[in-house]
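In what follows, a structure is listed as structure tokens, so that the remarks can point back to it.
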Amino acid sequence: MGSEGPSLVTVHVTGFKKFIGVPENPTEKIVTNLKSYMEKRGLPKNLVLGSFKVLEVAGQGALGTLYEVLGSAISDREEGSQIIWIIYQIHFGVNSGLPRFALENQAVNDATFACPDELGWKPQGVPIVPSDGSVSQIRKTTLPVNELTKLLRKIGHDVMRSDDADRFVCNYVYYHSLRFAEEHGIKSLFVHVPLFSTIDEAVQMHFVASLLEAVASLN
């Protein structure tokens, strides 16, 4: 009792490459520039920046890099350390029809792609993780999405909570991440962003920085 050390929040971030219909994926640029942007802005004292990776827009094609990121996240924790490490995976994906930012509350064990992914895969009604059961199986984030949404709205961001991450690669990656997070005691969140033509790059970078700061403030 009373012997617990300080807590540090480590955030690992992923985005996606361009794909058919989206020749410039805003999340690729966001993730590529985020480390330097956050360092210039000034990090909260308890926030540590982890890895920044851009994934293929392909269900199975994204998994190698995703699990590399997830594995490196849990290896950050030092056994016996007096510091409490709180580890977050925050994934960004684009929704070209979205007029605002969306914090995704859950993912569904259902791969039903409306079009082929970048490796030509177009599953229909396939469980993402067959051992989890049917395509109706849902995994929810342990992050307080409603609280985060309110915090971000309060500082002027146009953001909403969403319970539908679609059934394409975003949902596919999020489901795997949530499953891994539950198994390893870390936290995962997926965020959909609009195109830069809908909300410009400067505003999106500010939103992402605000999100990371809000996440750090929860602990």
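The values are calculated or read from the model by the stated rules, or taken from the named source; none is laboratory data. Only a predicted model underlies this, so the values are computations on that prediction, with no experimental measurement involved. Please note: Cβ atoms are built from the backbone with ideal geometry, for glycine as well, and neighbour counts cover all protein chains shown. For accessibility, only protein heavy atoms count, side chains too; no ligands or nucleic acids. Shrake-Rupley method; radii C 1.70, N 1.55, O 1.52, S 1.80 Å.
Using a probe radius of 1.4 angstrom, the carbon and sulfur fraction of the accessible surface of the chain is 52%. When only alpha carbons of the chain are considered, Rg and Dmax amount to 16.8, 55 Å.
Modelled label positions at VAL48 and LYS17, each set 7 Å beyond Cα in the direction of Cβ, lie 3.1 nm from each other. Sorting TYR67, TYR88 by solvent-accessible area of protein heavy atoms yields TYR67, TYR88, largest first, with a 1.4 Å probe. Extension gain for THR142 to LEU98 (0.36 nm times residue separation, less C-alpha to C-alpha distance): 13.4 nm. Specify the residue with the greatest mean-square fluctuation among VAL69, VAL126, VAL173, computed from a Gaussian network of the chain linking alpha-carbon atoms under 10 Å apart. Checking each option, the largest mean-square fluctuation is seen for VAL126. Spacing of the modelled spin labels on MET160 and GLU201, each 7 Å from Cα toward Cβ, amounts to 2.8 nm.
Here the 3J(HN,Hα) profile of the range 117-123, calculated from phi with Karplus coefficients 6.51, -1.76 and 1.60 at θ = phi - 60°, is 6, 5, 9, x, 8, 9, x Hz, Gly and Pro shown as x.
With all protein chains in place and ligands, DNA and RNA left out, the 1.4 Å accessible area ranks GLU56, GLU68 as GLU68, GLU56, largest first.
Scoring 37-47, 147-157 by mean Cβ neighbours within 10 Å over their residues and listing the highest first yields 147-157, 37-47. Solvent-accessible area per residue in the chain equals 46 Å², computed with a 1.4 angstrom probe and all protein chains kept. Over all alpha-carbon pairs in the range 101-166, figure out the percentage whose distance exceeds 15 Å. When all Cα pairs of the range 101-166 are counted, 61 percent exceed 15 Å.
Taking all protein chains together and a 1.4 Å probe, the residues THR141, THR198, THR65 rank THR198, THR65, THR141 from largest to smallest accessible area. Length gained on full extension, THR112 to ASN33: 25.3 nm, using 0.36 nm per residue less the C-alpha separation. Once backbone amide H atoms are built at 1.01 Å from N, SER188 has GLN89, THR142, LEU143 as its partners under 5 Å, excluding neighbours fewer than 5 places away on the same chain.
Phi angles across the range 144-151 convert, under the Karplus curve 6.51 cos²θ - 1.76 cosθ + 1.60 with θ = phi - 60°, into 3J(HN,Hα) values of x, 4, 4, 5, 4, 4, 5, 4 Hz, Gly and Pro given as x.
If R0 is taken as 30 Å, the Cβ-Cβ distance between TRP121 and ILE74 corresponds to a FRET efficiency of 0.60. Each part reduced to its alpha carbon centroid, the range 171-205 and the range 20-52 end up 12 Å apart.
On the principal axes of its alpha carbon atoms, the range 173-219 extends 38, 25, 8 Å, with the longest extent given first.
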